[in-house]
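One structure is given below, encoded as structure tokens.
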Amino acid sequence: MTTQQRLTEALAAVEARLAEQPQAIALRFERAGLLAMLGQTELAKQGYLEILHRDPTHFGTLNNFGTLLYETGFCTAARTVYTQAVTCHPEQPLAHVNLANLLLYKDDLPEARKHYETALRLDPGNVAAHQGLSALFLETGDEDSMLHHRELGFRGQPVKTLPYRGDAEPVPLLLLVSSMRGDIPWRRLIDDRVFLVTTLAPSFYSPAMTLPPHRLVFNVIGDTDSCQADLEAAQVLLRHATGPVINPPAAVLATGRMANAERLRALPGVVTPRIALLPRAMLAGAGAVAALASHGLGFPLLLRRPGFHTGKHFVHVGGPDALASAVAAMPGNELMAIEYLNAYGSDGCARKYRVMMIDGRLYPLHLAISEHWKVHYFTAAMADHPAHQAEEAAFLRTMPQVLGETAMMALRSIQAALGLDFGGVDFGIDAAGNVLLFEANPTMLVNPPDTDAQWDYRRTAAEDALNAARRMLIARASSASG
């Protein structure tokens, strides 16, 4: 009997008992959990709400419901539910860890730290709390604390097997994950009705140990600038892999910002920025302007702390007078000084395109248009801007015509040079039609738009990219089994 069949039978049995005991909260809780495991998310949410209507303090429901809301993108509702769990059950470490994870995701670092530390006071060996604090101290630049909690969080639990929801024999998939928050956002890419997923943190797994059973390996460690040690450890482990590897660590290791800027600069139609990695003390000192000039960098320029995305720790410095204050506001011992590539058009707006590179093909994902130099889709001037949406829709429908032949040839050359099975490139286009390279690596989020009808034009592009990744995983696993 398959897992799906067992869950379905268990659900039928619980519902039969509920017909006899309709007020039994334990049975209602079991039913909601089974619905969630079967992928019937909306019915599961309804089931949890019905329990909370009867008992607003039910601990299992508060945590499971909060997690279901969080995983389906309803972060505000999840925070409300997790907060209720902490309020009603302040002695439960799990409640504090769940709330802290969400707060960390939302960049509320002081509150997240408070709840992680409360969890550790209640349970000093709590692995999840140590992992969370490791990620938090990475954000704040406290390297010693980060390494301390990283060790405690991963050393004892480098391997984890995730639930399988399929109704056929599962395909064992080994997922190599980082200990430094540098992973590809992978959950939407992997169908847990097909794959039985085992995650493994390579830096904390002995090369002398046998790898967990697998037909396919997916290396989701994607950020070279923060996860070099994890990728190097993965290289060693994969000498013993028995199945094909998606995104081999050697290919990912070559995708750091500085390395990309150097090697991709020679490609026709590609413009990359000069980048220098410099000690913050040098950038804060009297000789900073001269030091920058020695690397061919003037003003304006950008400062970035390595290993961060979505605009975190990333600032524009207009001139020498603004440099010291910009450096003082940045965490970390070393900072990247980056030549500013002007992506503004004649309308006064900057544009950033994202194209995914999946299994040898290019997939347009989005175009973000903004009046600000730092362009990210979630802050761009796209919502309720019909002209911008029409421009993006044209890009998604007819990318080659919109970008032009120079840019398309450049993107194909970038894809060939990177050699990634899954990755993406963020870029602008200059007046000559060249690609202004901002970033090219595996850590690109492919996220379907929300349910508002104004985003209907974006749905096909996102689904095309997600489906391409899913097909690739299944095809590679099938070829290994043959």
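Bear in mind that the values in this text are calculations on the coordinates, not laboratory data. Everything numeric in this text was worked out from a predicted model, so none of it was measured. In this analysis, Cβ positions are derived from the backbone assuming ideal geometry, glycine residues included, and neighbour counts consider all displayed protein chains.
So the values come out like this:
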item	result
Sequence-distant aspartates and glutamates (8 or more away, or on other chains) whose Cα lies within less than 14 Å of Lys45	Glu30, Glu71
Full-extension gain in nm, Met409 to Leu162, via 0.36 nm per residue minus C-alpha separation	84.9 nm
Rounded if a/c under 1.5, otherwise prolate or oblate - region 419-470, Cα gyration tensor axes	oblate
Computed lengthening from His148 to Ala290, 0.36 nm per intervening residue step minus Cα-Cα distance	47.4 nm
Residue list for region 417-435, given a label point 7 angstrom along the Cα-to-Cβ vector of Leu277 and an amide N cut-off under 20 Å	418
Sites Arg155 and Thr83 - FRET efficiency at Förster radius 35 Å, r taken between beta-carbons, to 0.05	0.65
Cβ-based exposure ranking for Cys227, Cys75, in which fewest neighbours within 10 Å come first	Cys75, Cys227
R0 of 45 Å, Cβ-Cβ distance Trp455-Arg239: FRET efficiency to nearest 0.05	0.50
Within the chain, percent of DSSP bridges classed antiparallel, to nearest 5	75
For region 10-29 versus region 67-94, the gap between their alpha-carbon centres in whole angstrom	25
Calculated FRET value between Phe74 and Phe314, using beta carbons and R₀ = 41 Å, to 0.05	0.90
Whole-Å distance, taken between Cα centres, linking region 383-415 and region 319-346	28
Order of Leu147, Leu264 under a 10 Å beta carbon neighbour criterion, fewest first	Leu147, Leu264
Shape of region 353-482, Cα gyration tensor, a/c cut at 1.5	oblate
Packing rank of 232-240, 406-414, 442-450, where each peptide gets the mean count of other beta carbons within 10 Å, highest leading	406-414, 442-450, 232-240
For Ile369, Ile358, order by how many other beta-carbon atoms lie within 10 Å, fewest first	Ile369, Ile358
For region 43-99: rounded, prolate or oblate by the Cα gyration tensor [a/c cutoff 1.5]	oblate
Convex hull volume per residue for region 274-339, taking Cα atoms only, in Å³	71
Segment Asp347-Glu111, length gained on full extension (0.36 nm per residue, minus Cα span)	80.8 nm
Listed values [x] 72, 59, 42; [y] 68, 53, 41; [z] 77, 54, 48, entry calculated as Cα extents along the principal axes in Å	[z]
